[in-house]
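Everything below concerns the one structure shown next.
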Amino acid sequence: MEIRTLGVVGAGQMGSGIAQVAAASGLSVVMNDIKDEYLDRGFSSIEKSLGRMAEKGRISGADQKAILGRIEGSITLKDMAKTDFVVEAATEREDLKKKIFRDLDEFCKEGVILSSNTSSISITRIAAVTKRPGKVIGMHFMNPVPMMKLVEVIKGLATSEETFEVTRDLALRLGKTPVPAGDFPGFIANRILMPMINEAIYALFESVGTAEDIDEVMKLGMNHPMGPLRLADLIGLDTCLAIMDVLHAGLGDDKYRPCPLLKKYVDAGWLGRKTGRGFYVY
Ligand code: CAA
């Protein structure tokens, strides 16, 4: 099936970023969320990102308009019936993703691939709630989506080779570099990144260093573009905790135990940049 219209479920920082890069590559996009308010937030984050690119002269004012014009907002999942490929980028909760996939399976045309931008949840388990497990796959983008080249492509146990190839080609069309990863908790990226971030939070918890000093060490000593605590704030501390919980439960090793300080911050609603406070104040 030729992919002309991409469906994106979730207009948060990942979903809106995916909608933006898809529209920038010439695809029509239907961006869905449950409330107009969430869609408005998604569109304003796309406008902000395109504005930054225009300021740097990477795109013109006309490109900016054309890209936005290719994205249609939707607050009913039934609109996914119009699309030729779906990327789900809802909150990182397995029960929610399963509900969305059951509904997508019902509403989407036969043959449409249903992908999930999950950062850690089993693709095999998500696929198993649909009647098209061969057409369910993981397509894991990195944050901020417009800037980051990587897309992990994850086959579930039943995912067909054809589904993998179509997904890999789509990632290339979006200007990304697809890398295959196995369907184990956290895949490759978060299996390695999240324990590092969790360890940085333990270092803060045990007063090994201040947030600024921990980040400075990793920036200057390891050449990371940003320190792990600032990166955790960018990703969202609720997402970091959800991923650590998946690693801990799925791999059953206490080395993946989420740091109590991370839990406390999430309990307080200090979720990072998106709430104005995390390890730093924004
Ligand atoms: N949209 C458009 N442009 C953007 C942008 C966005 N959202 N974010 C940054 N930019 C542009 C800036 O305008 C700037 O452009 P110029 O080079 O032309 O000046 C450039 O990117 C660099 O930005 P900054 O100067 O503001 O800051 P920076 O040099 O630190 O770069 C960054 C920002 C790209 C985010 C960089 O800090 C970085 O790579 N950080 C690490 C990000 C990372 O590790 N992401 C993965 C997170 S893990 C994940 O996503 C997976 C998961 O499941 C949790």
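The values are calculated or read from the model by the stated rules, or taken from the named source; none is laboratory data. Everything numeric in this text was worked out from a predicted model, so none of it was measured. Cβ sites come from the backbone with ideal geometry, for glycine too, and all protein chains shown count toward neighbours. We work out accessible area using only protein heavy atoms, side chains counted, and drop any ligands, DNA or RNA first. Shrake-Rupley method; radii C 1.70, N 1.55, O 1.52, S 1.80 Å.
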Of those in segment 154-170 that are within 17 Å of the chain's Cα centre (by Cα) and either more than 14 Å from the ligand (Cβ to nearest atom) or open to solvent by 50 Å² or more (accessible area, probe 1.4 Å) (or both), the residue nearest to R52 (Cα to Cα) is L170
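Within segment 75-108, can you find the residues that are open to solvent by 80 Å² or more (accessible area, probe 1.4 Å) and either small (G, A, S) or farther than 30 Å from G250 by Cα (or both)?
Within segment 75-108, the subset open to solvent by 80 Å² or more (accessible area, probe 1.4 Å) is 75, 78, 82, 91, 93, 95, 99, 102, 106.
Of everything in segment 75-108, those that are open to solvent by 80 Å² or more (accessible area, probe 1.4 Å) and either small (G, A, S) or farther than 30 Å from G250 by Cα (or both) turn out to be I75, K78, K82.
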Just one listed residue, out of T83, T130, is modelled with pLDDT of 95 or more, more than 16 Å from the ligand (Cβ to nearest atom), of a type in the set (S, T, N, Q) and under 27 Å from I243 (Cα atoms), and it is T130
Selection from segment 234-282 of residues in a loop (DSSP other than H, G, I, E, B) and open to solvent by less than 70 Å² (accessible area, probe 1.4 Å) yields G236, G252, D253, P258, C259, A268, G269, L271, G276, G278, F279, Y280
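So that you can scan it fast, the table gives a plain yes or no per residue for (1) within 14 Å of the ligand (Cβ to nearest atom); (2) modelled with pLDDT under 95; (3) among the aromatic types (F, W, Y); (4) more than 20 Å from the chain's Cα centre (by Cα):
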position	(1), (2), (3), (4)
L39	no, no, no, no
I46	yes, no, no, no
A54	yes, no, no, yes
T76	no, no, no, yes
E92	yes, yes, no, no
I113	no, no, no, no
S116	yes, no, no, no
T124	no, no, no, no
Cβ pairs under 7 Å, 6+ apart or interchain, first in segment 240-254 and farther than 9 Å from M194 by Cβ, second more than 16 Å from the ligand (Cβ to nearest atom), ordered by first then second residue, are L241/K263; H248/R257
Flagged pairs (Cβ under 8 angstrom, 6 or more apart or on separate chains; first in segment 2-27, at positive phi; second outside any loop (DSSP other than H, G, I, E, B) and not polar (S, T, N, Q)) are G10/E88
Selection from segment 64-74 of residues within 13 Å of the ligand (Cβ to nearest atom) and open to solvent by 40 Å² or more (accessible area, probe 1.4 Å) yields Q64
Here the qualifying pairs (Cβ atoms under 6 Å; residues six or more apart or on different chains; first in segment 137-149 and open to solvent by 50 Å² or more (accessible area, probe 1.4 Å); second more than 10 Å from the ligand (Cβ to nearest atom) and not in a loop (DSSP other than H, G, I, E, B)) come out as K149/T177
State yes or no: is A54 assigned to a helix (DSSP H, G or I), free of Cβ contacts under 8 Å to residues at least 12 places away in the same chain and aliphatic (A, V, I, L, M)?
yes
If we ask which residues in segment 42-51 are without any contact (Cβ under 8 Å) to a residue 40 or more places away in the chain and crowded, with 17+ Cβ neighbours inside 10 Å, their number turns out to be 5
### Message
Any residue at all in segment 181-198 that's under 21 Å from T118 (Cβ atoms), away from the ligand (no atom under 13 Å from the Cβ) and acidic (D, E)?
### Response
yes
Checked against (1) within 11 Å of the ligand (Cβ to nearest atom); (2) open to solvent by less than 20 Å² (accessible area, probe 1.4 Å), A211 satisfies every condition except (1)
